[in-house]
Each structure stands twice: as structure tokens, then as C-alpha cells.
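The structure appears below as C-alpha cells.
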Amino acid sequence: MARRLTAGAALVVAASLPLAAAAQEGEAAIPRPQQGPVQDPTVVIAPFLTLDQDQLFDESLYGQRIEAEIEDASAALAEENREIEEELTAEEQRLTELRSELEADEFRRLADAFDAKVVDLRRQQDTKTRTLQARRDQERQAFLQRILPVLSELVRESGAVAILDSRAVFLSSESIDVTDAARRRIDSDLGDGSDLPPVTGNGPQSGDSLDPPPQAEEPSGIGLPAPSAD
């Protein structure tokens, strides 16, 4: 039902962890996780954590608000398309009935104008569909940017070095999945996000591995009548 927040194989949130001093001169420094106080008893101490991005968005108050708004906008657009289709169908019928009463040149002028109107309306409605699809991707990216502080906090508290997308992990223990813990904190910190200011910038800047969002599917267009034939 929901699209992925990113198209990459894994989401990696790197912790800001200092390197331990080298044991002797010339020896490479070894990262040693710092285990801060665990605020959430459900957060396990582990070097790696996993998280289901789709589940996190879909079950959060923020994600549910976004999906509800997009569903409402989609329903409104579908109703608008139906009304346009009915109006154009009626106009096409009137044009057909006039054909026997008009000179060929006059009918052709009216038919060409009708065809141009159909094409223009289809273009307008397709643009609205693409805009709505793009909004879903943009809202998910904004959500990801907003929750980075929460995920970073979970990383620090767990002494972990990364959060991995659970869908990219072949086998792991359920105990290192922090999806529910993250959702609880996000709901507490952000609520449904309706009163938050717009996200600025070009997305997360923490060095996370993020691929471009999936390309929107080509809209099928509204059910407008085909351009009239001679």
C-alpha cells in the first residue's frame, strides 16, 4: 500500500561515535560504541539495529495523517474526473446531433475545438495526478528528515553503529528491531505533524545512504471521450 521511503537496499543512520585511542603508535583506532543511559527498556544494546521503514510510516500518527489527506485528495480528484467526463460526453453527443444540420466546414471547426478541449483537460488532470503522486514521495522524505534525531537517539542509547532496513537483512533477531520503539517516540515528539513548520533543505544531511525516491507511475488519465472522428 505504501511506497518505500527510499529505493536503496538499506537505510543507515550512523552514530557519532569517537574512536578509541590506539593501543600503540601506528595502530589503527578501533571504534568502540558508547552506551548511554537507556531511556526505553525495549531498546536492546546491540551493535546493529533494524527498522521497517514502511511500517514505521504507516503506523505513525504522522504517516496516518498524510495517507488520509492524500486519500481525500485522490477521492476529490476522481470525482472531478467523473464530472468532467460526464460534461464532455454530453457535449460530444450534442455535437454529433448537430452534424446533420451544419456545413462540413463549420462542423469540422467545432469538432477540432472539442478535440483540443479534450486533450487540454486530459493534460490538466494528468498533471494533478502526478502532483498528488509526487506529494506522497515528498511527504515520506520529509518524515524521514524529521525523525533522524529520534533514530540517532536510539542509536546512541543502544550503543549501536547503524540502523539497517529490516527488509535488506537476510536473518536477524527480532530483539534488535526498533520499529515500535521508534514509532512511540515519534508519536510523542511529532504527533501527527499537522502543526509543524515545513521541512527546509534538500533532505537528510547526516551522511545517510539515500537513493532517489521511486519514479511515479505514469497515470492512466481520466476517462475522457476520445477525440471525435470525422
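The values are calculated or read from the model by the stated rules, or taken from the named source; none is laboratory data. Just so it is clear, the structure is predicted and the values come from calculations on it, not from any experiment. In this analysis, Cβ positions are derived from the backbone assuming ideal geometry, glycine residues included, and neighbour counts consider all displayed protein chains. Surface areas here come from the heavy atoms of the whole protein model, side chains and all, with no ligands, DNA or RNA. Shrake-Rupley method; radii C 1.70, N 1.55, O 1.52, S 1.80 Å.
Just grab the label-to-label distance for Leu98 and Glu71, each label 7 Å out from Cα along the Cβ direction, in nm (one decimal).
Once both label points are built, they end up 4.4 nm from each other.
Give me the accessible area of Ser173, 1.4 Å probe, in Å² rounded to the nearest 10.
The accessible area of Ser173 comes to roughly 60 Å².
Taking 2.2 N^0.38 Å as the expected size of a compact globular protein, what ratio does the Cα radius of gyration of the range 61-156 give against it, to two decimals?
1.82
Quick one: which residues, 5 or more positions from Ala160 or on another chain, have an amide H under 5 Å from its amide H? H modelled 1.01 Å from N in the peptide plane, none for Pro or chain starts.
So Ala160 has HN proximity to Ala46.
Compute the distance in nm between two label points, each set 7 Å from the Cα along the Cα-to-Cβ direction, one at Ala113 and one at Ala90.
So the label points at Ala113 and Ala90 sit 1.9 nm apart.
Can you compute the FRET efficiency between Asp105 and Arg82 using 1/(1 + (r/R0)^6), with r the Cβ-Cβ distance and R0 = 30 Å? Round to the nearest 0.05.
Calculated transfer efficiency: 0.30.
Could you give me the ³J(HN,Hα) list for the range 79-96, computed from phi with Karplus coefficients 6.51, -1.76, 1.60 and θ = phi - 60°, whole Hz, x at Gly and Pro?
Going residue by residue, I get 5, 4, 4, 5, 5, 5, 4, 5, 5, 6, 5, 5, 5, 5, 5, 5, 5, 5 Hz, with x marking Gly and Pro.
Kindly rank 132-140, 46-54, 158-166 from highest to lowest mean number of other beta carbons found within 10 Å of each residue.
Result, highest mean Cβ count within 10 Å first: 158-166, 46-54, 132-140.
Using a 1.4 Å probe and ignoring any ligands, DNA or RNA, find the accessible area of Lys117 and quote it in Å² to the nearest 10.
That residue has around 90 Å² of solvent-accessible surface.
With a 1.4 Å probe and every protein chain left in place, tell me how much accessible area Ser74 has, in Å² to the nearest 10.
50 Å²
Please list 3J(HN,Hα) in residue order for the range 149-161, calculated via the Karplus relation 6.51 cos²θ - 1.76 cosθ + 1.60 where θ = phi - 60°; whole Hz, with x for glycine and proline.
So the Karplus estimates, Gly and Pro as x, are x, 5, 5, 5, 5, 4, 4, 5, 5, 8, x, 8, 10 Hz.
Per-residue counts of other Cβ atoms within 10 Å, averaged by peptide: what ranking do you get for 142-148, 177-183, highest first?
In descending order of packing, they fall as 177-183, 142-148.
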